[in-house]
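Notes to accompany the following structure.
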Amino acid sequence: MQQVPHFIGGEHVSATGATLDITNPATGQVIRQVADADAATIQQAIDAAQAAFPAWRDTPPAKRAQVMFRFKQLLEDNAERLVQLISEEHGKTSEDAMGELKRGIENIEYACGVPELLKGEYSHNAGPSIDAWSNFQPLGVVAGITPFNFPAMVPLWMYPLAIACGNAFILKPSEKDPTSSLAIAELLDQAGLPKGIMNVVHGGRESVEALIDAPEVKALSFVGSTPVAESIYSRGCANGKRVQALGGAKNHAVVLPDADIENAANTLMGAAFGSCGERCMAISVAVCVGDDTAERLIETMKPKIAALKIGPGTEKGLDMGPLVTGAHRDKVLGYIEDGLRSGAELIADGRELSVAGHEQGFFLGGCLFDRVTPDMRIYQEEIFGPVLCILRVDSLDAAIELINAHEFGNGTCLFTRDGEAARRFGDNIEVGMVGINVPLPVPVAYHSFGGWKRSLFGDLHAYGPDAVRFYTRRKAISQRWPSPFETSHAEFNFPSGS
Ligand code: NAD
């Protein structure tokens, strides 16, 4: 059985103890094993990163950027192989895997501009003969912990910019699909990154806790489920670290009566069922304003759900692959049964789906619930599967009130042709990322990504301008060169700028 090793100080490091199984979700077969880092292995990665950091910190940003230019090219050259690995372990279609890789590469492109991003701020004559400036210095060793659902893109939200800013990085990818995360990180070695600046360690909770508790690790970026995000945030902060922890979601799309229903239905299909609903920005709730809107949306979506092409993600031309694990599929099935018990109407039922030749795979067809109410678990909790819930309200204001009362606030979308309604929605909705007729409003790499409420713990969002601030510390320097032509004297008043 092939083993996925750690990558420390530019070398592969095999498991010293336990390993974890990696399953191909399309077949249900274990295809690889991944090393589960013990405390000594985590310390080895920390030591390698710490030893490499000082020289990298002092490397000019333009030289650091050159590594990122080469890294981007290597990712493009290796894209087909990486996409195959993503699809094989995660289950998503290869076209979708290519999409996440491309969105990940955008973050490398942003990091290529790091000399510009780190220019700092300067004030000449901030006081008499005094110049003042702020520069932004790297933190040291920083770590990232990432979820299974974007094994390429989410790590790339973090380390290209962290490294371009002058830090050394330790990535702990998801143990469910770590091979592509490792394969991508290794390309940095080929791109000429000094050994020890990028390290990958594998494992689960214990590996993560060792990173949170290590005093040498100065900052943690986490993306995953809300309970874990919250605990990492509080434990990391208690340890004096800078932490950004992005959590789960329940993303609502509001459909107004004036919306183009065919367009809303088409884009909702992708947003609800793409990647089997295993996206933190997936739309899992459609809030229809008025019964007539709900009926028209349901009638338009029903045949589209029945026509979903589902199979192993590594085959071309499909809409959906399997869910990531058998346990996760069972969890989603449990939610469907819960929805039925609580009185929701299952309009499209994907539970009986069987994919010929892949009977052991973790497949589930598209599911559509109508008559969902806010007190139901299927509405309150993140299902993370191909299940779309329809709620009915009687006004845009009622929709806004409903969404604002939900514990999550990651993404949302409004379908309408009414500019005033769109503006009111954008102004009043308590959600971090908002789309108007755009169901997956994932910001481009030169903005930043983050939810509100219990979808993000911390202050700064992921990637883009916020991440430059997250991965650097401001140092404010005031400098005076006394003139030989002036006599100095003691000044007892608190110095002011004028
Ligand atoms: P998860 O929380 O189970 O795991 C995420 C990471 O944390 C993995 O690397 C895992 O090994 C580690 N981990 C798991 N349990 C831990 C524990 N008790 N202590 C410390 N570390 C632990 O999440 P997942 O199932 O891999 O990913 C799906 C979740 O991620 C969903 O809730 C989804 O909404 C969320 N997500 C959020 C965003 C976002 O940007 N907000 C993006 C992608 C995914």
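The values are calculated or read from the model by the stated rules, or taken from the named source; none is laboratory data. Keep in mind that this is a model prediction, so the values were computed, not measured. Cβ placement follows ideal geometry from the backbone for every residue including glycine, while neighbour counts extend to all protein chains displayed. For accessibility, only protein heavy atoms count, side chains too; no ligands or nucleic acids. Shrake-Rupley method; radii C 1.70, N 1.55, O 1.52, S 1.80 Å.
Going residue by residue through the range 400-419, is there one that turns out to be open to solvent by less than 40 Å² (accessible area, probe 1.4 Å), aliphatic (A, V, I, L, M) and either more than 21 Å from Pro441 (Cβ to Cβ) or touching a His at 6+ places or on another chain (Cβ under 8 Å) (or both)? Within the range 400-419 (the criterion being open to solvent by less than 40 Å² (accessible area, probe 1.4 Å), aliphatic (A, V, I, L, M) and either more than 21 Å from Pro441 (Cβ to Cβ) or touching a His at 6+ places or on another chain (Cβ under 8 Å) (or both)), the answer is yes, since at least one residue qualifies.
Results for (1) within 16 Å of the ligand (Cβ to nearest atom); (2) farther than 18 Å from Asp260 by Cα; (3) open to solvent by less than 60 Å² (accessible area, probe 1.4 Å), shown as yes or no for each residue.
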residue	(1), (2), (3)
Leu368	no, yes, yes
Val387	yes, yes, yes
Ile390	no, no, yes
Gly426	no, yes, yes
Val434	yes, yes, yes
Ala445	yes, yes, yes
Lys453	yes, yes, no
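If the condition is being open to solvent by 10 Å² or more (accessible area, probe 1.4 Å) and more than 16 Å from the ligand (Cβ to nearest atom), then the range 131-148 contributes Asp131, Ala132, Trp133, Ser134, Asn135, Phe136, Gln137, Pro138, Leu139. What number goes with the only condition from (1) open to solvent by 30 Å² or more (accessible area, probe 1.4 Å); (2) at pLDDT below 95; (3) not polar (S, T, N, Q) that Ala35 does not pass? Only one criterion is unmet by Ala35, namely (1). Among the residues making up the range 155-195, those that are within 26 Å of Leu460 (Cβ to Cβ) and not in a helix (DSSP H, G or I) are Cys165, Gly166, Asn167, Ala168, Phe169, Ile170, Leu171, Lys172, Pro173, Ser174, Leu193.
A Cβ distance below 6 Å, combined with a sequence gap of six or more or placement on separate chains, defines the contacts here; from the range 134-149, residues that are modelled with pLDDT under 95 reach residues that are assigned to a strand (DSSP E or B) in the pairs Asn135/Lys475.
Residues in the range 311-333 that are free of Cβ contacts under 8 Å to residues at least 60 places away in the same chain, out of contact with any helix residue (DSSP H, G or I) (no Cβ under 9 Å at 6 or more places or on another chain) and open to solvent by less than 30 Å² (accessible area, probe 1.4 Å): His328 alone. Looking at Gly240, Gly236, Gly247, just one residue is more than 30 Å from Met269 (Cβ to Cβ) and either within 15 Å of the ligand (Cβ to nearest atom) or among the charged types (D, E, K, R) (or both), and that residue is Gly236. Scan the range 106-126 for residues that are surrounded by fewer than 20 Cβ atoms within 10 Å (Cβ to Cβ), part of a helix (DSSP H, G or I) and in contact with a helix residue (DSSP H, G or I) (Cβ under 8 Å, 6 or more places away or on another chain) and the total you get is 2. A count restricted to the range 50-98 and to residues that are open to solvent by 40 Å² or more (accessible area, probe 1.4 Å) and not charged (D, E, K, R) stands at 12.
Filtering the range 209-229 down to residues that are β-branched (Val, Ile, Thr) and out of contact with any Lys or Arg (no Cβ under 6 Å at 6 or more places or on another chain), which residue is farthest from the ligand (Cβ to nearest atom)? Let's see the steps before the verdict.
Restricting attention to the range 209-229, the residues satisfying the condition of being β-branched (Val, Ile, Thr) are 212, 217, 223, 226, 228.
Right, trim to out of contact with any Lys or Arg (no Cβ under 6 Å at 6 or more places or on another chain) and you get 217, 223, 228.
Details: Val217: 14, Val223: 5, Val228: 4 Å.
Out of the qualifying residues, it is Val217.
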